Amino acid sequence: MAIKGNNLPRVKKQNETLIKEIIYKYGPISRSKIAEMLSLTPPTITTNVTALIEQGLVYEFSTDISDSEEKGEEKVLGRRPVKINFVPDSRYAIGVETNPYNTAICMLDLRGNEICSARYEPAKDNYEKELDLLAQRIQTLIDKSKVDRECILGVGFGLPGFVEPEAGVLRESFNTGWNNKNIVRDLSRRLDLPVLIGNNARIRAIGEEMLSRTLRPESFAYYLISYGIACPMFVKSRMIIGENSTAGEAGHMVVDIHGPKCETCGHYGCLEEVASERAILKKCKTGMRAGEATMLMELCPDINSLTMKEVLTAEECLDEYVMSVMNEAILYLGVALANIINLISPPLVIIDGYIMKLKRNRRLLLEETRKHIFALSEEEIEFEFVDFDPLTGARGGAALAIKEFFIKG
């Protein structure tokens, strides 16, 4: 496809998006600082900011500290500097994530503050019935919030599996009854609100980009270890999604050519089949049935009801069998992460996963990863573990709605 040229309306829209993005990421911020960062003229900044003020989306306020003073430069006498920021309660966004463990829903204001949230059992295969139920639950959340519906930007919905955001379709997932359904169209009709969908790992990464209290670098990787495994990546502030929206599927990297057959894709030796929560639980249940010496039988006499909570409890109690299972899984997780780092060299890797609640697992993952990194020193790459939160994906969905419906608009 040929690269599109620029015309005046497109340039104006691009400038508007860039200005909103700068205010969102760096606000409160002065007009002069926006102009400096974007190399735009002061009149262009003023025109756009004035329009946002008239819409009730941003506000200006005087501050005692100027941009130069924030840099440690000498204070200049004169008019107090004026800064700009978004009005938090001018707009709201709804985020949803469904995964094998639960369905989470939340509403955030424009600045990422939580208005209300709820969690439910995971969605089942019956697509029409489950979508009706989801729409009812979202409507209940809206009613509870008492927010003016006209101020709601829309819904961002994260799902595990192969998602085609442009088409609004979930092509393949653990809930086979949802496969190849146009979720965007069907949920939007039920709610009478705009809807976006995305892979749940990617929307978690977008949540970090948009809502983190710490400004993220332009390039970073988000390593999600859950029922499946994924590693979406931002490179120069753009998420890499690939030509067919499958980029970041780290769980289907082959890490052992003689390994077990993957239940999801049918290939052998996938990372997901040897190191995901599903794989860990499968090995622990196998050991329990084989009569291995493990305290898991005391924690969960019903083998089929075993969860990662009991597995981590046993690991904390230094159960040798569980520790061996976790050690093997983390070895593969570390090797795979090192391969990703060697390929794209991100300055930051954010690691998200329930099994990383334990400091032992964090230490093991970093040790194993660093063994296999090529040529990079510890100062050149930062690892950050995010605290486990069942609402992280839903918050990422709301961030997706803010980014696409408001920033890009």
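Before moving on, here are some points about what is shown:
- Residue satisfying all of: in the range 132-182; over 16 Å from TYR92 (Cβ atoms) and hydroxyl-bearing (Ser, Thr, Tyr); surrounded by the fewest Cβ atoms within 10 Å (Cβ to Cβ) among these: THR176
- Close pairs from the range 121-149: first within 19 Å of PRO194 (Cα to Cα), partner of a type in the set (Asp, Glu), Cβ under 8 Å, at least 6 apart: LEU131/ASP186
- Restricting attention to the range 290-314, the residues that are out of contact with any Leu (no Cβ under 7 Å at 6 or more places or on another chain) and either outside any helix (DSSP H, G or I) or among the acidic types (Asp, Glu) (or both) add up to 10.
- Restricting attention to the range 349-380 and to residues that are at pLDDT 95 or above and either touching a Lys or Arg at 6+ places or on another chain (Cβ under 9 Å) or loosely packed, with under 14 Cβ neighbours inside 10 Å (or both), the residue that is nearest to ALA201 (Cα to Cα) turns out to be ASP352.
- Count - residues of the range 19-75 that are modelled with pLDDT of 90 or more and farther than 30 Å from GLU150 by Cβ: 12
- Test: SER237 is surrounded by fewer than 17 Cβ atoms within 10 Å (Cβ to Cβ) and either touching a His at 6+ places or on another chain (Cβ under 8 Å) or of a type in the set (Gly, Ala, Ser) (or both): yes
- Among residues of the range 245-262 being surrounded by fewer than 17 Cβ atoms within 10 Å (Cβ to Cβ) and touching a residue at least 60 places away in the same chain (Cβ under 8 Å), the one that is nearest to PHE385 (Cα to Cα) is THR246.
The rows are residues; the columns are (1) among the hydroxyl-bearing types (Ser, Thr, Tyr); (2) in contact with a Gly (Cβ under 8 Å, 6 or more places away or on another chain); (3) farther than 17 Å from ILE225 by Cβ.
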| position | (1), (2), (3) |
| --- | --- |
| MET239 | no, no, yes |
| VAL255 | no, yes, no |
| SER276 | yes, yes, no |
| THR286 | yes, no, yes |
| ALA290 | no, no, yes |
| LEU296 | no, yes, yes |
| GLU310 | no, no, yes |
| GLU315 | no, no, no |
| LEU318 | no, no, yes |
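- LEU108 surrounded by 22 or more Cβ atoms within 10 Å (Cβ to Cβ), farther than 15 Å from LEU196 by Cα and not hydroxyl-bearing (Ser, Thr, Tyr): yes
- Exclusive hit being within 16 Å of VAL349 (Cα to Cα) and either out of contact with any strand residue (DSSP E or B) (no Cβ under 8 Å at 6 or more places or on another chain) or not assigned by TED's automatic domain parsing to the domain that holds ALA399 (or both), set SER245, SER237: SER237
- Residues that are among the hydroxyl-bearing types (Ser, Thr, Tyr) and out of contact with any strand residue (DSSP E or B) (no Cβ under 8 Å at 6 or more places or on another chain) number at least 2 in none of the strands (runs of 3 or more DSSP E) confined to the range 102-211.
- The one condition from (1) in contact (Cβ under 8 Å) with a residue 24 or more places away in the chain; (2) assigned to a helix (DSSP H, G or I); (3) within 27 Å of TYR222 (Cβ to Cβ) that GLY287 does not meet is (3).
- Near pairs, Cβ below 7 angstrom, 6+ apart or cross-chain, from the range 82-93 (closer than 19 Å to ALA51 by Cβ) to any residue that is assigned to a strand (DSSP E or B) and β-branched (Val, Ile, Thr): LYS83/ILE29; ILE84/ILE29; ILE84/VAL58; ASN85/VAL58; PHE86/VAL58; VAL87/VAL58
The values are calculated or read from the model by the stated rules, or taken from the named source; none is laboratory data. Since this is a predicted model, take the numbers as computed values, not measurements. We place every Cβ from the backbone using ideal geometry, glycine too, and count neighbours over all the protein chains shown.
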